[in-house]
1. From Leu70, Leu89, Leu36, Leu54, grab the single residue that is on the phi < 0 side of the Ramachandran plot and open to solvent by less than 10 Å² (accessible area, probe 1.4 Å).
2. Of all residues in the stretch 144-174, count the ones that are within 16 Å of ligand 1 (Cβ to nearest atom) and either basic (Lys, Arg) or not in a loop (DSSP other than H, G, I, E, B) (or both).
3. Please go through the stretch 23-44 and give me each residue that is within 30 Å of Gly135 (Cα to Cα), more than 10 Å from ligand 1 (Cβ to nearest atom) and outside any helix (DSSP H, G or I), ordered by number.
4. Write out, first by first residue and then by second, each pair whose Cβ atoms fall under 6 Å of each other, whose residues are 6+ apart or on separate chains, and whose first residue, in the stretch 142-159, is closer than 7 Å to Gly8 by Cα while the second is charged (D, E, K, R) and modelled with pLDDT of 95 or more.
5. Residues that are assigned to a loop (DSSP other than H, G, I, E, B), aromatic (Phe, Trp, Tyr) and open to solvent by less than 10 Å² (accessible area, probe 1.4 Å): does the stretch 114-124 have at least one?
6. Just need a number here: residues in the stretch 1-11 that are touching a strand residue (DSSP E or B) at 6+ places or on another chain (Cβ under 9 Å) and more than 13 Å from ligand 1 (Cβ to nearest atom).
7. Does Ser202 fit the bill of being touching an Asp or Glu at 6+ places or on another chain (Cβ under 8 Å), open to solvent by 30 Å² or more (accessible area, probe 1.4 Å) and within 16 Å of ligand 1 (Cβ to nearest atom)?
8. Starting from the stretch 102-113, take each residue that is closer than 15 Å to Gln7 by Cα and list its partners that are small (Gly, Ala, Ser) and within 14 Å of ligand 1 (Cβ to nearest atom), counting only C-beta distances under 6 angstrom and pairs at least six apart or across chains.
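The values are calculated or read from the model by the stated rules, or taken from the named source; none is laboratory data. Note that the structure is predicted; figures quoted are calculated from it, not measured. Quick reminder, even Gly has a Cβ in these numbers, built from the backbone with ideal geometry, and neighbours come from all protein chains shown. Note: accessible area is taken over every heavy atom of the protein model, side chains too, but ligands, DNA and RNA are not part of it. Shrake-Rupley method; radii C 1.70, N 1.55, O 1.52, S 1.80 Å.
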Amino acid sequence: MKIRIMQGHNRPPEPAQINVVIDVIRAFTVAHYAFLNGVQGIIPVAGVDEAMKLKELHPDFILAGEIKGLLIPGFQLDNSPVRLQQFDLQGKFLIQKTTNGVTAALNAMNAEHVLVTGFSNARTTAQFIKERLLGHEEMSINIIASHPTGDDDLACAEYIADILRQSGYVTPELTIDRIRSSEAAMKFYDTGQPEFLEEDISLCTLELPSDFVMKVNIRNGMPLIEKVKAGSIHAHAR
Ligand SMILES: O=C(O)[C@H](CS(=O)(=O)O)OP(=O)(O)O
Ligand SMILES: [Mg+2]
């Protein structure tokens, strides 16, 4: 197993069998909570225009995301996992547009398996890769920390790599400390920026025992983030 950790969201990674795209604060923590709250699927989009065009075609889809961390005018949801839980998302599809994680995922489709996660689902995702995806042949895995400079995503990437290598050096506690102290987390502690809820960071650093991973599959020619049961033998949606 060859593991490459890389940072940034604007360039496709080296070809590999598996790409894991990390966005702790907050895109794929939001995605995790969305699925926990009954969402059927999440369509990642590169920009607002594409999001709005999709919404016109599918009025019942929900627009979610941010620009500079803030709600996009015309969107129903911003990028807060706390605020997301105030909505009835049962059976819905989200259209998600964010700065780092979604952009990185769209640039990382050059692998047989593309998974996305924050810290909340990192351990489940790493175990899924170990138990369901790694075969006997040598496999290469890119772990993409989507924030270009932030330590939040890099810490989570190193946590996942450590689980895959079964070395046990990178503890959840150390990872949580790095996320809470990261550049991207600072604005959530600043009372002068009330749009950023400190509670969001609590959810971004809470490891949840979930029974699914989030996989980006191509459906009708478009990327779709789907919930895949962690116990499933084949890595496609159930
Ligand atoms: O909304 C977020 O938390 C971030 C924006 S920023 O990098 O913190 O300004 O977007 P994401 O794409 O979820 O990293
Ligand atoms: Mg982020």
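1. Sole residue among the options that is on the phi < 0 side of the Ramachandran plot and open to solvent by less than 10 Å² (accessible area, probe 1.4 Å): Leu89.
2. 9
3. Gln40, Gly41, Ile42, Ile43, Pro44
4. Listed by first residue and then by second, the contacts come to Ala145/Asp153; Ser146/Asp23; Ser146/Asp153; His147/Asp153.
5. Narrowing the stretch 114-124 to residues assigned to a loop (DSSP other than H, G, I, E, B): 118-121.
Filter once more, keeping what is aromatic (Phe, Trp, Tyr): 119.
Subset that is open to solvent by less than 10 Å² (accessible area, probe 1.4 Å): 119.
Yes, the stretch 114-124 has at least one match.
6. Residues that pass the stated criteria total 6.
7. no
8. So the pair list comes out as Val102/Ala27; Ala104/Ser146; Leu106/Ala46.
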